[in-house]
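A.B. asks: Take a look at this one; I'll ask things after.
The values are calculated or read from the model by the stated rules, or taken from the named source; none is laboratory data. The structure displayed is predicted, hence computed values, not measured ones. Reconstructed Cβ throughout: ideal geometry from the backbone, glycine too, with neighbour counts over all protein chains shown. Calculation scope for accessible area: heavy atoms of the full protein, side chains included, ligands and nucleic acids excluded. Shrake-Rupley method; radii C 1.70, N 1.55, O 1.52, S 1.80 Å.
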Amino acid sequence: MKIVREQREGHVSLIRATVGEGDYGAAVEKTLRDYRRKANVPGFRPGMVPMGIIKKMYGKGVVAEQSYRMASESVFEYLAKEKIDYVGDVIPSEEQGDFDFDNGSEFEFVFEIGEAPEVKLELSQKDKIVYNKIKIDKKMHADYLDNYLRRFGRLVDADKVTKDEALSVTLDNGDILIADAYVGLISMSDEERKPFIGKKVGYKTTVNVNELYKNPTQRAAALQVKEEELAEINPMFSLEITKIRRFANPELTEEFFKEAFPAGNVTNAEELDKFVDAEIETELTRESDYLFTLQLRDYLLAKAALEMPADFLKRWLYVINEGKFTMEDVEKDFDQFLKMFTWNYLQKHFIDSEKLNVSNDEAAEEARKFAAAQFAQYGMPSAPAEMVENFAKRMLEDKEQSRKIYEKLYEQKVVEAVKAKMKVTEKTVSAEDFAAMAKEI
């Protein structure tokens, strides 16, 4: 076995592996004997087919398979022994020549690797970065409180339409009469609900139900027909408002606090305001942490200035996707891919150098937090512990979701480890300024 490395421009190396019959011969013979034992050839009993026939039928393919396997395994052993670090994976080189498996016995396989750049990144208090903390304002507090109270609100009759009420209407096109159809203004844009604003019970107009109910499933339900019947229906209907209802927030009574906070941690309006601010603070901290991670990422990428083998990575992406994408497709999103690929590479450097680790218990706790947040989003802020635990367990059993949880936790640990080495200044900013910074990144 002969292996030669040729370093090329663009941080790429070719690895030439030359294998002879002495390398792959034994494996070929063993494979052919297995084929002979299992071969079903007319005129011969199983296991009694002459080896000459077996070689004629399968020899060429087996030599190709075993010589390639031997070459590729040897290349990986060579890279490990020589401690050659690479990115992506080992792929066949475009310089690979043809093979003559009919007459030859020695074959040269040419592989290509992208050389991994060395990370030389010294961080100290001279490295400065800002952590932007969003200020809680009155509007933010009022909006969050209103949204929270809506969970426990109820529909009450209203005199006229003001914004996002729920309407009961009569629809009639001469063929179809629906006496109590529902029109939810809350799901409409300001422009779509504009014709109803200020109107009272008894107001009549003509509407196109295809525009009133844009979703075919919703339209069919409102008209009490099957979806496949919609095409035959005249969409122009007369509409009369018969009832206007809006959500009314609950009164802050003892009964409300017992229902909303069964644990008894909030019992009056003052404590509710503190609870709301704490909830907002938690959400805003997540936003601030996320923006800080992006800013830190960009800072480290710029300072490290790693030279990745870009051309190789494009070919690697094309090869591993096995024809799913053209090279034009790869080029289109490559800059964003390279940025994230380089950031992941930097993270691995810090995970190794700082000896960072995510335990199974930490992953389980993160899954529980995500599960609890999901239940809260669907109106169950105090979901039973067993339900949360089962949801979290299923997440961790799913390979893709589990991978995302571990990646998130490792990134958090990298950020905290790097943050401790730098000078971080906290700055309070308005929600508007924060949004502008986030949009820019």
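A.B. asks: Here is a check on your reading of the model: is Leu301 in contact (Cβ under 8 Å) with a residue 60 or more places away in the chain and under 30 Å from Glu112 (Cα atoms)?
C.D. replies: Working: in contact (Cβ under 8 Å) with a residue 60 or more places away in the chain: no; under 30 Å from Glu112 (Cα atoms): yes.
For Leu301, the condition - in contact (Cβ under 8 Å) with a residue 60 or more places away in the chain and under 30 Å from Glu112 (Cα atoms) - is not met.
A.B. asks: Which of the residues that make up the stretch 115-136 are in a loop (DSSP other than H, G, I, E, B), out of contact with any Asp or Glu (no Cβ under 9 Å at 6 or more places or on another chain) and open to solvent by 60 Å² or more (accessible area, probe 1.4 Å)?
C.D. replies: Taking the stretch 115-136 as the starting set, the residues that turn out to be in a loop (DSSP other than H, G, I, E, B) are 116-127, 135-136.
Adding the requirement that they be out of contact with any Asp or Glu (no Cβ under 9 Å at 6 or more places or on another chain) leaves 119-127, 135.
Scanning the stretch 115-136 gives Lys120, Glu122, Gln125, Lys126, Lys135.
A.B. asks: Let me ask something additional. Against the definition (within 22 Å of Asp180 (Cα to Cα) and modelled with pLDDT under 95), how does Ala222 come out, yes or no?
C.D. replies: On the way: within 22 Å of Asp180 (Cα to Cα): yes; modelled with pLDDT under 95: yes.
Judged against the criteria, Ala222 is a match.
A.B. asks: Just wondering, is there one or more residues in the stretch 75-94 that are open to solvent by 50 Å² or more (accessible area, probe 1.4 Å) and within 30 Å of Ala269 (Cβ to Cβ)?
C.D. replies: The answer is no; no qualifying residue exists.
A.B. asks: Would you check if there is a residue in the stretch 168-191 being part of a helix (DSSP H, G or I) and open to solvent by less than 80 Å² (accessible area, probe 1.4 Å)?
C.D. replies: To start, the set of residues in the stretch 168-191 that are part of a helix (DSSP H, G or I) comprises 185-187, 190-191.
With the extra rule that they be open to solvent by less than 80 Å² (accessible area, probe 1.4 Å), the set shrinks to 185.
So far as the stretch 168-191 goes, yes, one or more of its residues are part of a helix (DSSP H, G or I) and open to solvent by less than 80 Å² (accessible area, probe 1.4 Å).
A.B. asks: Taking the stretch 373-419 only, how many residues are modelled with pLDDT under 90, open to solvent by less than 80 Å² (accessible area, probe 1.4 Å) and assigned to a loop (DSSP other than H, G, I, E, B)?
C.D. replies: Final tally of qualifying residues: 5.
A.B. asks: Among the residues of the stretch 162-209 satisfying the criterion of being at pLDDT below 95 and among the polar types (S, T, N, Q), which is nearest to Asn249 (Cα to Cα)?
C.D. replies: Thr162
A.B. asks: Turning to a different aspect of this structure: If only one of Val75, Val156, Val119, Val130 is under 28 Å from Val429 (Cβ atoms) and of a type in the set (A, V, I, L, M), which one is it? Walk me through how you get there before you give the answer.
C.D. replies: Values: Val75 fails: under 28 Å from Val429 (Cβ atoms); Val156 fails: under 28 Å from Val429 (Cβ atoms); Val119 fails: under 28 Å from Val429 (Cβ atoms).
Answer to the selection: Val130.
A.B. asks: Related question: Tell me, which helices (runs of 4 or more DSSP H) wholly within the stretch 257-338 include 2 or more residues that are buried (at least 17 other Cβ atoms within 10 Å of the Cβ)? Working first, answer last.
C.D. replies: Values: elements: 269-304, 310-320, 327-332.
In the stretch 257-338, 269-304, 310-320 are the helices (runs of 4 or more DSSP H) which contain 2 or more residues that are buried (at least 17 other Cβ atoms within 10 Å of the Cβ).
A.B. asks: Filter the stretch 217-236 down to the residues that are of a type in the set (A, V, I, L, M, F, W, C) and surrounded by 10 or more Cβ atoms within 10 Å (Cβ to Cβ) and list them by number. Even if it seems obvious, please write down each step before you answer.
C.D. replies: Of the residues in the stretch 217-236, the ones of a type in the set (A, V, I, L, M, F, W, C) are 220-223, 225, 230-231, 233, 236.
Hits for the stretch 217-236 are Ala220, Ala221, Ala222, Leu223, Val225, Leu230, Ile233, Met236.
A.B. asks: Please work out if Ser67 is buried (at least 17 other Cβ atoms within 10 Å of the Cβ), in contact (Cβ under 8 Å) with a residue 40 or more places away in the chain, not in a helix (DSSP H, G or I) and not hydrophobic (A, V, I, L, M, F, W, C).
C.D. replies: Values: buried (at least 17 other Cβ atoms within 10 Å of the Cβ): yes; in contact (Cβ under 8 Å) with a residue 40 or more places away in the chain: yes; not in a helix (DSSP H, G or I): no; not hydrophobic (A, V, I, L, M, F, W, C): yes.
No: the conditions fail for Ser67.
A.B. asks: Another question about this same structure. Can you confirm whether Val424 is assigned to a helix (DSSP H, G or I), at pLDDT 95 or above and touching a Phe, Trp or Tyr at 6+ places or on another chain (Cβ under 8 Å)?
C.D. replies: Working: assigned to a helix (DSSP H, G or I): no; at pLDDT 95 or above: yes; touching a Phe, Trp or Tyr at 6+ places or on another chain (Cβ under 8 Å): yes.
Criteria not met by Val424.
A.B. asks: Can you go through Val41, Val19, Val49 and tell me which one is of a type outside the set (Phe, Trp, Tyr) and under 45 Å from the mean Cα position of the chain (by Cα)? Before you say what the answer is, go through the steps one by one.
C.D. replies: On the way: Val41 fails: under 45 Å from the mean Cα position of the chain (by Cα); Val49 fails: under 45 Å from the mean Cα position of the chain (by Cα).
Only one candidate qualifies: Val19.
A.B. asks: Against the condition under 24 Å from the mean Cα position of the chain (by Cα) and touching a residue at least 40 places away in the same chain (Cβ under 8 Å), how does Val358 come out, does it pass? Spell out the reasoning first.
C.D. replies: On the way: under 24 Å from the mean Cα position of the chain (by Cα): yes; touching a residue at least 40 places away in the same chain (Cβ under 8 Å): yes.
The answer is yes for Val358.
A.B. asks: Being without any contact (Cβ under 8 Å) to a residue 40 or more places away in the chain, crowded, with 18+ Cβ neighbours inside 10 Å and more than 30 Å from the chain's Cα centre (by Cα): is that true of Val161 here?
C.D. replies: Details: without any contact (Cβ under 8 Å) to a residue 40 or more places away in the chain: no; crowded, with 18+ Cβ neighbours inside 10 Å: yes; more than 30 Å from the chain's Cα centre (by Cα): yes.
Answer is no for this residue.
A.B. asks: Also: With the requirement that a residue be assigned to a loop (DSSP other than H, G, I, E, B) and of a type in the set (Ser, Thr, Tyr), what does the stretch 205-232 give you? First the steps, then the outcome.
C.D. replies: The first filter runs over the stretch 205-232 and keeps only residues assigned to a loop (DSSP other than H, G, I, E, B), leaving 213-215, 224-226.
Matches in the stretch 205-232: Tyr213 only.
A.B. asks: Which residue pairs have Cβ atoms under 9 Å apart, sit 6 or more places apart or on different chains, and have a first residue in the stretch 189-216 that is under 11 Å from Asp164 (Cα atoms) and a second that is modelled with pLDDT of 95 or more and loosely packed, with under 13 Cβ neighbours inside 10 Å?
C.D. replies: none
A.B. asks: Given (1) free of Cβ contacts under 8 Å to residues at least 24 places away in the same chain; (2) of a type outside the set (Ser, Thr, Tyr); (3) in contact with a Phe, Trp or Tyr (Cβ under 7 Å, 6 or more places away or on another chain); (4) surrounded by fewer than 17 Cβ atoms within 10 Å (Cβ to Cβ), identify the lone condition not met by Lys56.
C.D. replies: Result: Lys56 fails condition (3) only.
A.B. asks: So Ala71 passes all but one of these: (1) touching a strand residue (DSSP E or B) at 6+ places or on another chain (Cβ under 6 Å); (2) under 30 Å from Leu346 (Cα atoms); (3) among the hydrophobic types (A, V, I, L, M, F, W, C). Which condition number does it fail?
C.D. replies: Going through (1) touching a strand residue (DSSP E or B) at 6+ places or on another chain (Cβ under 6 Å); (2) under 30 Å from Leu346 (Cα atoms); (3) among the hydrophobic types (A, V, I, L, M, F, W, C) one by one, Ala71 breaks only (2).
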